[in-house]
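Here the structure comes first, spelled out in structure tokens, and everything after it is commentary.
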Amino acid sequence: MTASGLRRLEDELRRLKSEERPAIIRAIAEAREHGDLSENAEYHAARERQSFVEGRVMELEEILATAEVIDPSTLSGDQVKFGARVQLIDEETEKEASYQIVGVYEADIRAGLLSVSSPLAKSLIGKSVGDTVSVPAPGGDRMYEIVSVIYA
């Protein structure tokens with residue numbers, strides 16, 4: 001994963017531990033004060049939220065323990081590799097798009113962060129500026145031309 005992706009996951013873990021956990025503990029304590037727990041919706045909702053948060057904490061701790069950070073700025077060339085920011089043109093619609101190829105856990109397509117395991121990224125890896133790639137899509141294969149590859 002990239003360094004910024006690692007920081008985002010570390011920030012999320014810190015927030016879950018320092019803000020979410022204490023808030024859930026307070027909510028459970030408050031719900032217990034209302035008496036019978038078997039029919040207490042607030043208690044059950046807080047326990048459900050606690051279960052979700054604890055699961056996410058465990059998941060993040062495992063991801064962070066095994067994460068391998070790659071700095072894209074140390075890479076160069078016009079060939080697409082992990083960490084590259086790739087500018088593409090859809091050959092059918094002539095629309096331009098720009099994506100950075102990142103790790104699975106930091107992908108966010110709205111922010112232009114494309115998972116390395118996505119069909120588009122798999123089609124781009126190893127290709128160079130000027131190449132055309134075919135990407136399988138539900139409505140049929142899409143063709144994209146690689147306009148630029150930047151490592152920053």
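The figures follow:
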quantity: Inter-label distance, nm, simple model (7 Å from Cα along the C-beta direction), GLN79/ILE25; calculated: 5.3
quantity: Unit charges at the beta carbon, dipole of the chain: most positive-side option, SER128, LEU13, THR74; calculated: THR74
quantity: Rel. contact order, % - alpha carbon contacts under 8 angstrom, at least six apart, the stretch 51-146; calculated: 23
quantity: Karplus-derived HN-Hα couplings along the stretch 50-67 (A = 6.51, B = -1.76, C = 1.60, θ = phi - 60°), whole Hz, x at Gly and Pro; calculated: 4, 4, 4, 5, 5, x, 5, 4, 4, 4, 5, 4, 5, 4, 5, 5, 10, 5
quantity: FRET efficiency, GLU92 to VAL53 (Cβ-Cβ, R0 41 Å, nearest 0.05); calculated: 0.40
quantity: Dipole in debye (nearest 20) - the chain, about Cα centre, beta carbon charges: Lys, Arg +1; Asp, Glu -1; calculated: 280
quantity: Helical contribution to [θ] at 222 nm, DSSP H n ≥ 4, -39,500 (n - 2.57), averaged over the chain, rounded to 500; calculated: -12000 deg cm²/dmol
quantity: Which labelled figure in [x] 14.3, 41; [y] 17.5, 56; [z] 21.6, 69 is Rg and Dmax of the Cα atoms in Å, once derived from the coordinates; calculated: [z]
quantity: Most to least packed among 31-38, 57-64, 144-151, 97-104 [average Cβ atoms within 10 Å]; calculated: 97-104, 144-151, 57-64, 31-38
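Just so you know, all these numbers are worked out from the coordinates, no wet-lab data involved. Note that the coordinates shown come from a computational prediction; the quantities given were computed from them, not determined experimentally. Heads up, the Cβs are rebuilt from the backbone with ideal geometry, glycines too, and the neighbour counts pull from every protein chain shown.
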